[in-house]
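The values are calculated or read from the model by the stated rules, or taken from the named source; none is laboratory data. As the structure is a prediction and not an experimental result, all values here were calculated from the model. When the accessible area is computed, the model is the full protein with side chains, heavy atoms only, and any ligands, DNA or RNA have been set aside. Shrake-Rupley method; radii C 1.70, N 1.55, O 1.52, S 1.80 Å.
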Amino acid sequence: MPGRGARDGAAPGITLVGVRSVGDDREGFILDATQANLQRRIRLGDAVGNFTVKRIRQSSILLVSPRVTS
């Protein structure tokens, strides 16, 4: 939801502040506390720290991190 911080295990310091949708194209707007609260526009496939934007929904984003295998 907009204005809510990341959940446990998610990208710390990332807050979704909005989503813009035009047709099938969506963009998310985040505040990144790890970058002095820089507001950023994100799209599918963009990197956010060690995460990648996998999905942008009406009121949430899905960030995924690469799996670490030993």
Val17 accessible area, 1.4 Å probe, all protein chains in place, Å² to nearest 10: 60
- line: Residue-ordered couplings for region 51-65, obtained by feeding phi - 60° into the Karplus form 6.51 cos²θ - 1.76 cosθ + 1.60 and rounding to whole Hz (Gly and Pro as x), are 10, 10, 6, 9, 8, 10, 10, 4, 9, 7, 10, 10, 10, 10, 10
- line: Residue by residue through region 37-49, the couplings from Karplus 6.51 cos²θ - 1.76 cosθ + 1.60 with θ = phi - 60°, in Hz, x for Gly and Pro, are 6, 5, 8, 10, 9, 10, 10, 3, x, 5, 8, 10, x
